[in-house]
Amino acid sequence: MKRKQAFNPYMPSYEYVPDAEPHIVNGRVYVYGSHDIFNGINFCLGDYVCWSAPVDDLGNWRYEGCIYHRSQDPEAPWFKITNGLAAPDMVQGPDGRFYLYYFMGGTKRISVAVCDEPAGKYEFYGYVKYADGVDIGLKKEPFQFDPGVFMDDDGRLYLYTGFALQGNPILLDGSKPTEHGPMYFELDPKDMLTVKVGPEYLGIPGEKEAVGTPYEGHVFLEASSMRKFDGKYYFIFSTLNSHELCYAVSDRPTGGFSFGGVLVSNGDIGLDGITDVKKARNYTGNTHGSLIDINGKYYIFYHRHSNRKQSSRQACAEEIRFENGKFYQAEMTSCGLNGGPLSGVGSYNSYIAANLYGREGTMFYSMLKHRKGSYPYFTQDGGDREEGPDQYIANFCDGAVAVFKYFDLTPTREISVLVKGNADGIMVVKAGEKGAELARISIRSQRTPKTFSAMLNQTAGKQALYFTFEGKGSFDFLSFELK
């Protein structure tokens, strides 16, 4: 069977699964994450779903179905807008079963569900609790959030949690944020629930403590995740900057961590000299994810934002450079899991753009839908629902830029775009932001989707494609084809 090309987002464009924790079970990569609903008014309004792919065919993702309903949690608040099923993580227990650790809004607890299969129908199992039977989160500890679970090679089981943003609405129940960075608990692997040690702090500093340290400017916010590579422990977390995932490294899972650096930013901030969020190469917002080794290659899983707000998040992944124990920041691409550039012959949906920005740049998305203005954006037709047609780029107007990385253009001779809308002008295609001009495609007003084409100036090898519109009006950029 021919291997499928892999794109970003790697799930169907109508699927919104942020906060990915990838795990390999029996030759397949399973992704556990939150579940947004397109155009939802809050995060995580969907029940947990799971997707998986063979480790040797990372473009061939399979829907495993809904694995857990929020109604299964005995403490689930009745008001769905506030009982979001936030970022989960999974670990296989000594009994061979699979345990899903999660946080549900309004409960203060860390809940656990269990299943005999990695992506079967999980059943509620219990709450993480102290030896005296009291659930963690109910003893006025700092807010329990975004559980990351990790079983070491020696069979010891650890739970990592924490949330550090002062004054956030999710703390209105009287909970307090952590002031000293992320926390950990050691759990009893016999029942996967009972605390043996903790809460203890990892020693990764809070906002005030980070001043003058390598963590300054990259302070822990949320999204705790622990991984182990080559005998060292890598703690992955989202920072107070929100748009980036960073990591710290240690020789042990419970302390001694030193700051490692940025893994990925969903605005590519930190690359190509970009340090200002206003000059980001994408619309930024929160992110959450983790690292994984697949057949000797390392990947960072994260999410991007769409639909002019924060609560329509999509799963993305990038291959990441790992040398001598250090990870180097990954660039956002259209071909993240593909193992190389995409084919220079074929049809491609516009929603696989790696970067998207307008004449005025980008902005940090909030929970309220941002105005259109002169900003292009990813969206889909339809309303607030879990499935729909393919996404596309809307409001592509003068100065709009969509970047697709990367293609092998060796065989490419012609390029065409499929658009719909009222606009007159030129679509300029370049091999890089300041690269050679590859084509100029005339665009004319039309009410129905129409294709416009131009011959491609001869070029070869791996290239990025920068599409920029110069003209009047705006249109929906649906897809493009390379011939």
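Be a star and scan segment 451-483 for residues whose amide nitrogen sits under 15 Å from the point 7 Å along the Cα-to-Cβ vector of SER347. Residues 451-453, 478-483 fall inside that zone. Simple point charges give the picture: +1 on the Cβ of Lys and Arg, -1 on the Cβ of Asp and Glu, and for segment 297-385 a dipole about the Cα centre of about 360 debye. At an R0 of 35 angstrom, the distance between the Cβ atoms of ASP276 and ASP152 translates into a FRET efficiency of 0.30. With a Cα cut-off of under 24 Å and a minimum spacing of 8 residues unless on different chains, the lysine pairs in segment 270-402 number 9. Of all lysines in the structure, the ones whose alpha carbon falls short of 19 Å from that of LYS450, not counting any fewer than 8 places away in one chain, are LYS420, LYS472, LYS483. Sorted from longest to shortest, the spans of the Cα atoms of segment 12-153 along the three principal axes equal 46, 41, 23 Å.
Of the trypsin sites (Lys or Arg not before Pro) in segment 305-376, which ones lie in a loop per DSSP and count no more than 16 other C-beta atoms within 10 Å? Sites meeting the loop and neighbour criteria: ARG321, ARG359, LYS369, ARG371, LYS372. The ratio of the alpha-carbon radius of gyration of segment 331-456 to the globular-protein estimate 2.2 N^0.38 Å is 1.11. From the list (i) 140; (ii) 178; (iii) 157, can you say which value of volume of the Cα convex hull per residue in Å³ was derived from the structure given? Correct label is (i).
Per atom type, the chain shows carbon and sulfur on 49% of its accessible surface, probed at 1.4 Å.
Loop-located trypsin sites (Lys or Arg not before Pro) in segment 104-195 (DSSP state other than H, G, I, E, B) with a sparse environment of at most 15 neighbouring Cβ atoms within 10 Å: LYS121, LYS139, LYS140, LYS190. For segment 140-249, the relative contact order works out to 23 percent when only alpha carbon pairs closer than 8 Å and six or more residues apart are counted.
Counted residue by residue at 0.36 nm each, then reduced by the alpha carbon distance between them, the extension gain from GLU437 to LYS420 reaches 3.7 nm.
Legend: calculated FRET efficiency, ASP191 to SER453, from the Cβ-Cβ distance at R0 = 41 Å, rounded to 0.05, equals 0.05.
For VAL134 and TRP78, the difference between the fully extended length at 0.36 nm per residue and the C-alpha to C-alpha distance is 17.9 nm. About its Cα centre, the dipole of segment 148-267 is roughly 60 debye, where the only charges are +1 on Lys and Arg Cβ and -1 on Asp and Glu Cβ. May I ask for the distance between the Cα centers of segment 329-365 and segment 159-227, given as a whole number of Å? A separation of 33 Å, based on Cα centres.
Restricting the GluC sites (Glu not before Pro) of segment 363-420 to loop positions (DSSP other than H, G, I, E, B) with no more than 14 neighbouring Cβ atoms within 10 Å leaves GLU387. Relative contact order for segment 17-124 using alpha-carbon pairs under 8 Å, separation at least 6, rounded to a whole percent? Dividing the mean separation by the residue count of segment 17-124 yields 22 percent. With a Cα-only, solvent-free Debye model of segment 15-96, what are the log10 I(q)/I(0) values at q = 0.17 Å⁻¹? For segment 15-96, the Cα-only Debye profile gives -0.73. Multiplying the residue separation of LEU171 and GLU209 by 0.36 nm and removing their Cα-Cα distance gives an extension gain of 11.5 nm. Entry note, segment 347-483: relative contact order of 33 percent, from Cα contacts under 8 Å with a spacing of 6+ residues. Per residue, the solvent-accessible area of segment 380-468 (1.4 Å probe, heavy atoms of protein chains only, all protein chains present) comes to 45 Å².
The values are calculated or read from the model by the stated rules, or taken from the named source; none is laboratory data. Please read all numbers here as calculations on a predicted model, not as lab measurements. Cβ: placed from backbone, ideal geometry, glycine included. Neighbour counts: every protein chain shown. The accessibility values were calculated without ligands, DNA or RNA, using every heavy atom of the protein model including side chains. Shrake-Rupley method; radii C 1.70, N 1.55, O 1.52, S 1.80 Å.
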